[in-house]
Amino acid sequence: MRYIPEPFKIKMVEPIRMTTEEERRKLIAEAGYNLFSLKAEDVYIDLLTDSGTNAMSDTQWAAMLTGDESYSGGRSYYQLLDNARELFGYEWIQPVHQGRAAEKVLFPVLIEKPGQFVISNTFFDTTRAHVGLAGGRPVDCVCPEGLDSMHEAPFKGNMDVGRLEAYIDELGVENIAGIVMTITNNSVGGQPVSMANMKATAEVAARHNIPLVIDAARFAENAFFIKSREEGYADKSTREITKEFFSYADIFTMSAKKDAVTNMGGLLGVREEGEHVPDVRSLVISSEGYITYGGLSGRDLAALAVGLVEGLDEDHLEYRLGQVAYLGARLDEFGIPYQRPAGGHAIFIDAGKLLPHLPWNGYPGHALAVELYIEAGIRGCDIGSYLMDRNPETGEEQQAPLEFTRLAIPRRVYTQAHLDVIAEALGEIKKRAEQVKGYEITWEPKVLRHFTSKLRPVD
Ligand SMILES: Cc1ncc(COP(=O)(O)O)c(C=O)c1O
């Protein structure tokens, strides 16, 4: 791949302060070797997340100025409702302040008895946490190829439908509160889910009368993967694909900070306004605010209404997925192992393979992320054993199935030249890989430790 067609031009820029390697060594030591503790202004290329870090279009910014800030029944709410209903075909659409707010109001309603299970192709951290907080038990059920970073397959985010059936038989259908399909499957590398897999999952859910929920943060990237990889969809538009995909589920939660290209926002949708809606609505009013603003300003609702439509634009999606694939192709030149093929929003470098001298509890994914910051001021994060909290019953450390360093690419923010810097910096690290040190934790909180722990390098 030689170039990425970038379907926009830049009319406003944000300068980045450049730092030296010596400064970065000092800054990361002062931050307790925790990348979250760095000041963003000390980072050159920030790949910590693609969430809320997108560049909005001039149309979105213009819509913000026309945002209606009424407490109830504002115009921006109705614009959002019209666009979302049209795209997804769902009757009830609820704005919320971000994805986890939708999870917080949905799972207490879905989980009727403590101890019920919710099964997913892989839960994102906050979704997993909200299932637990609502008294449920999350179970991951991704297809086996999703856990083999070197195995090339078009839809590595798929549900293992055979195992899903087996779980339902084993656990008892009365003990299953829901099934969650995460698109794309963030935790296994932004890997997509095929339409065929969604249909097969929906068939199992319907046969057992279990609600099927889409965790839809990256619905547009998933639609474009289906268009480009799945037989029978090449001539369908991403809008048509999205409508069909959502028709197989009952409910969706969405962090709009990803594919809806906004800096803040989320949605909850219910296909047929039935039994769950009054309960969910009460929880929204008590925690998010009145239903026609759901924790957002009118201007945020207006930007989201536009972003939902723009995020599905096929030139944008070709560029978006092309950018991540381009970075993957550049990493191939340097022989850097990553979850293959490149995902939709991020490259997940297989740090366990790149730094084989480090044990899992020396946190290879974290060690590589720190090294990349020191090398070139690039900030990624660990998706491996450092991210895993301790076993709450035994207090023991838990080993992740894979030791990844995630480089998440914000939308429309970095150019091809930035991507080249990332690849070349990793190439430099590979030359001295055996000198990269592991880490140990010197202080950690009880949960979600990777955000606030302090660490030190191990000699
Ligand atoms: C798949 C998925 N679901 C849910 C969320 C939570 O969304 P938010 O950060 O808007 O609360 C995220 C955020 O990264 C995500 O990637």
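Taking ASP332 as the residue in question, decide whether it is without any contact (Cβ under 8 Å) to a residue 24 or more places away in the chain and surrounded by fewer than 22 Cβ atoms within 10 Å (Cβ to Cβ). Yes. Per the listing SER255, SER287, the residue uniquely within 22 Å of PHE155 (Cα to Cα), within 15 Å of the ligand (Cβ to nearest atom), among the polar types (S, T, N, Q) and in contact with a helix residue (DSSP H, G or I) (Cβ under 9 Å, 6 or more places away or on another chain) is SER255. Residue pairs whose Cβ atoms lie under 7 Å apart, sitting 6 or more positions apart in sequence or on different chains, and linking a residue in region 388-407 that is small (Gly, Ala, Ser) and at pLDDT 85 or above to a partner that is assigned to a loop (DSSP other than H, G, I, E, B) and surrounded by 15 or more Cβ atoms within 10 Å (Cβ to Cβ), are ALA400/GLY384; ALA400/SER385; ALA400/LEU387; ALA400/MET388.
One line per residue, one yes/no per condition, for (1) assigned to a helix (DSSP H, G or I); (2) crowded, with 16+ Cβ neighbours inside 10 Å; (3) within 12 Å of the ligand (Cβ to nearest atom); (4) at pLDDT 95 or above:
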site	(1), (2), (3), (4)
THR59	yes, no, no, yes
GLU69	no, no, no, yes
GLN79	yes, yes, no, yes
ASN83	yes, yes, no, yes
TYR90	no, yes, no, yes
ILE93	no, yes, no, yes
ARG100	yes, yes, yes, yes
ILE119	no, yes, no, yes
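Looking only at region 138-150, filter to residues that are farther than 14 Å from ILE176 by Cα and among the acidic types (Asp, Glu); which one of those is nearest to the ligand (Cβ to nearest atom)?
Initially, region 138-150 is screened for residues farther than 14 Å from ILE176 by Cα, giving 142-150.
Pick out the ones that are also among the acidic types (Asp, Glu) and you get 145, 148.
On the way: GLU145: 19, ASP148: 21 Å.
Result: GLU145.
Evaluated against (1) modelled with pLDDT of 95 or more; (2) within 13 Å of the ligand (Cβ to nearest atom); (3) part of a helix (DSSP H, G or I), GLY157 falls short on exactly one condition, (3). Residues of region 427-451 that are modelled with pLDDT of 95 or more, part of a loop (DSSP other than H, G, I, E, B) and touching an Asp or Glu at 6+ places or on another chain (Cβ under 8 Å): VAL436, LYS437.
Of the numbered criteria (1) surrounded by fewer than 20 Cβ atoms within 10 Å (Cβ to Cβ); (2) touching a residue at least 12 places away in the same chain (Cβ under 8 Å); (3) away from the ligand (no atom under 16 Å from the Cβ); (4) part of a helix (DSSP H, G or I), the one GLY135 fails is (4). Candidates are the residues of region 171-194 that are surrounded by fewer than 22 Cβ atoms within 10 Å (Cβ to Cβ) and aliphatic (A, V, I, L, M); the one that is nearest to the ligand (Cβ to nearest atom) is LEU171.
Taking residues in region 275-293 that are within 14 Å of ILE93 (Cα to Cα), and partners anywhere that are basic (Lys, Arg), the pairs with Cβ atoms closer than 8 Å and at least 6 places apart or on different chains are ILE291/ARG281. Just checking, does region 227-234 include any residue being more than 24 Å from PHE107 (Cβ to Cβ), aliphatic (A, V, I, L, M), part of a loop (DSSP other than H, G, I, E, B) and without any contact (Cβ under 8 Å) to a residue 12 or more places away in the chain? Yes; the residues of region 227-234 include at least one that is more than 24 Å from PHE107 (Cβ to Cβ), aliphatic (A, V, I, L, M), part of a loop (DSSP other than H, G, I, E, B) and without any contact (Cβ under 8 Å) to a residue 12 or more places away in the chain. Being in a loop (DSSP other than H, G, I, E, B), buried (at least 19 other Cβ atoms within 10 Å of the Cβ) and either free of Cβ contacts under 8 Å to residues at least 40 places away in the same chain or of a type outside the set (Val, Ile, Thr) (or both) holds for only one residue in LEU48, LEU106, and it is LEU48. Of the listed requirements (1) touching a residue at least 24 places away in the same chain (Cβ under 8 Å); (2) assigned to a helix (DSSP H, G or I); (3) surrounded by fewer than 17 Cβ atoms within 10 Å (Cβ to Cβ), GLY162 misses just one: (1).
Let me confirm something: among ILE226, ILE210, ILE168, which residue is surrounded by 24 or more Cβ atoms within 10 Å (Cβ to Cβ), among the aliphatic types (A, V, I, L, M), at pLDDT 95 or above and more than 16 Å from the ligand (Cβ to nearest atom)? Spell out the reasoning first.
Numbers: ILE210 fails: surrounded by 24 or more Cβ atoms within 10 Å (Cβ to Cβ); ILE168 fails: surrounded by 24 or more Cβ atoms within 10 Å (Cβ to Cβ).
Checking each option against the conditions leaves just ILE226.
The values are calculated or read from the model by the stated rules, or taken from the named source; none is laboratory data. What you see is a predicted model, and the numbers here were worked out from it, not measured in a lab. Every residue, glycine among them, receives a Cβ derived from its backbone with ideal geometry; neighbour counts consider all protein chains shown.
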